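Peer 1: Below: one structure in structure tokens.
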Amino acid sequence: MSAAVIFDMDGLLLDSEDFWQHAEFEMFSSLGVPLKPEDTAQTLGWRCDYVVQYWYSKFAWQGPTPAEVGDAIIDNVIQLIIQHGKLMPGAREALRLSQDLGLPTALATSSNHRMMLATLKHFDLLHYFQATCSAEFLPLAKPHPQVYLNAAAALGVEPQQCVALEDSVTGVIAAKAARMRCIAVPEHANFHDVRYGIADLKLPSLLQLTAAELIR
């Protein structure tokens, strides 16, 4: 039986993947990196510095450093979230469900710590979480399990007693590597991706999440 719940953020609670792709495409194109908009899907769910290093290794640009490029992308995404961001369908309901069940709840995200806090404050979500963990300062981000292990430790719960909710394959791999039960909520276009087969349950939306599935 689950004793705690750990949520991902981007793509699960927050409809932000398009913002990341837009900001990345805009920035890399300005640096002369020959991307098509759809190329940004290759790095879905990655930490921002991983994305920047990936494209820098293929198309080393002149001018701003990878760290400066990463900061600019994050600043752009934060502005897009504040101006146009929306929660995913069922996101607030899922958080309330966890709260109503009395389950300790944490956030485990690969996103920058500054962006994580700006997002949670903007949507008034901070009060749902007893712990918030960003992988920004960890040696490795998802698919490495460390951010999930840190979230479980912050809640004082063994990883095996946690259920993780994720939208990306990268995140599902991280949650399972942390020995957690994982509920996947993929983007509609990726719902039938066979790689989600490692998840314990797959839902089309957080609106389908029930108390029984959280605590079983």
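Peer 1: In the range 128-144, is there at least one residue being farther than 15 Å from SER98 by Cβ, open to solvent by less than 70 Å² (accessible area, probe 1.4 Å), assigned to a helix (DSSP H, G or I) and among the aromatic types (Phe, Trp, Tyr)?
Peer 2: no
Peer 1: Scan (1) within 22 Å of LEU206 (Cβ to Cβ); (2) in a loop (DSSP other than H, G, I, E, B) for the single condition GLN62 breaks and write down its number.
Peer 2: (1)
Peer 1: Hey, another quick one. Take the residues in the range 1-47 that are of a type in the set (S, T, N, Q) and free of Cβ contacts under 8 Å to residues at least 40 places away in the same chain; name whichever of them is surrounded by the fewest Cβ atoms within 10 Å (Cβ to Cβ).
Peer 2: GLN42
Peer 1: Looking only at residues that are of a type in the set (A, V, I, L, M, F, W, C) and over 18 Å from THR65 (Cβ atoms) in the range 22-43, which one is modelled with the highest pLDDT? Walk me through it before giving the result.
Peer 2: Restricting attention to the range 22-43, the residues satisfying the condition of being of a type in the set (A, V, I, L, M, F, W, C) are 23, 25, 27-28, 31, 33, 35, 41.
The next check asks that each one be over 18 Å from THR65 (Cβ atoms); those that pass are 25, 35, 41.
Numbers: PHE25: 93, LEU35: 89, ALA41: 85.
Checked the range 22-43; the qualifying residue modelled with the highest pLDDT is PHE25.
So that you can scan it fast, the table gives a plain yes or no per residue for (1) of a type in the set (Gly, Ala, Ser); (2) out of contact with any Ser or Thr (no Cβ under 9 Å at 6 or more places or on another chain):
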site: ALA4; (1), (2): yes, no
site: GLY11; (1), (2): yes, no
site: HIS22; (1), (2): no, no
site: GLN42; (1), (2): no, yes
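Peer 1: To continue, here is another question. Checking GLY63 against (1) open to solvent by 60 Å² or more (accessible area, probe 1.4 Å); (2) on the phi < 0 side of the Ramachandran plot: exactly one of these is not met. Which one?
Peer 2: Evaluating GLY63 over (1) open to solvent by 60 Å² or more (accessible area, probe 1.4 Å); (2) on the phi < 0 side of the Ramachandran plot leaves (2) as the failure.
Peer 1: In this structure, is LEU149 in a loop (DSSP other than H, G, I, E, B) and hydrophobic (A, V, I, L, M, F, W, C)? Before you say what the answer is, go through the steps one by one.
Peer 2: Working: in a loop (DSSP other than H, G, I, E, B): no; hydrophobic (A, V, I, L, M, F, W, C): yes.
It is false that LEU149 is in a loop (DSSP other than H, G, I, E, B) and hydrophobic (A, V, I, L, M, F, W, C).
Peer 1: For the range 155-180, which residues satisfy the criterion of being surrounded by 19 or more Cβ atoms within 10 Å (Cβ to Cβ), under 23 Å from GLY102 (Cα atoms) and over 12 Å from the mean Cα position of the chain (by Cα)?
Peer 2: Narrowing the range 155-180 to residues surrounded by 19 or more Cβ atoms within 10 Å (Cβ to Cβ): 155, 157, 159, 162-176, 178, 180.
Filter once more, keeping what is under 23 Å from GLY102 (Cα atoms): 155, 157, 159, 162-166, 175, 178, 180.
LEU155, VAL157, PRO159, CYS162, VAL163, ALA178, MET180, listed by residue number.
Peer 1: Here is a further query. Looking at VAL163, is it assigned to a strand (DSSP E or B) and within 19 Å of LEU209 (Cβ to Cβ)?
Peer 2: Yes.
Peer 1: Could I ask something else about it? Go through the range 48-58 and count every residue that is within 13 Å of GLU24 (Cβ to Cβ) and either hydroxyl-bearing (Ser, Thr, Tyr) or loosely packed, with under 14 Cβ neighbours inside 10 Å (or both).
Peer 2: 3
Peer 1: Considering only residues that are open to solvent by 20 Å² or more (accessible area, probe 1.4 Å) and either without any contact (Cβ under 8 Å) to a residue 24 or more places away in the chain or assigned to a loop (DSSP other than H, G, I, E, B) (or both), which ones fall in the range 113-127?
Peer 2: LEU117, LYS121, PHE123, ASP124, LEU126, HIS127
Peer 1: I want to confirm something. Restricting to the range 67-84 and keeping residues that are in contact with a helix residue (DSSP H, G or I) (Cβ under 7 Å, 6 or more places away or on another chain) and either in contact (Cβ under 8 Å) with a residue 60 or more places away in the chain or closer than 12 Å to VAL33 by Cβ (or both), which single residue is surrounded by the fewest Cβ atoms within 10 Å (Cβ to Cβ)?
Peer 2: Out of the qualifying residues, it is LEU80.
Peer 1: Given the condition more than 22 Å from ARG216 (Cα to Cα), of a type outside the set (Ser, Thr, Tyr) and touching an Asp or Glu at 6+ places or on another chain (Cβ under 8 Å), answer yes or no: does some residue in the range 122-134 qualify?
Peer 2: no
The values are calculated or read from the model by the stated rules, or taken from the named source; none is laboratory data. Treat the numbers as computed from the prediction; the structure is a model and nothing was measured. Don't worry about glycine lacking a Cβ; one is built from the backbone with ideal geometry, like all the others, and counts go over all protein chains shown. Surface accessibility is based on the protein's heavy atoms, side chains included, excluding ligands, DNA and RNA. Shrake-Rupley method; radii C 1.70, N 1.55, O 1.52, S 1.80 Å.
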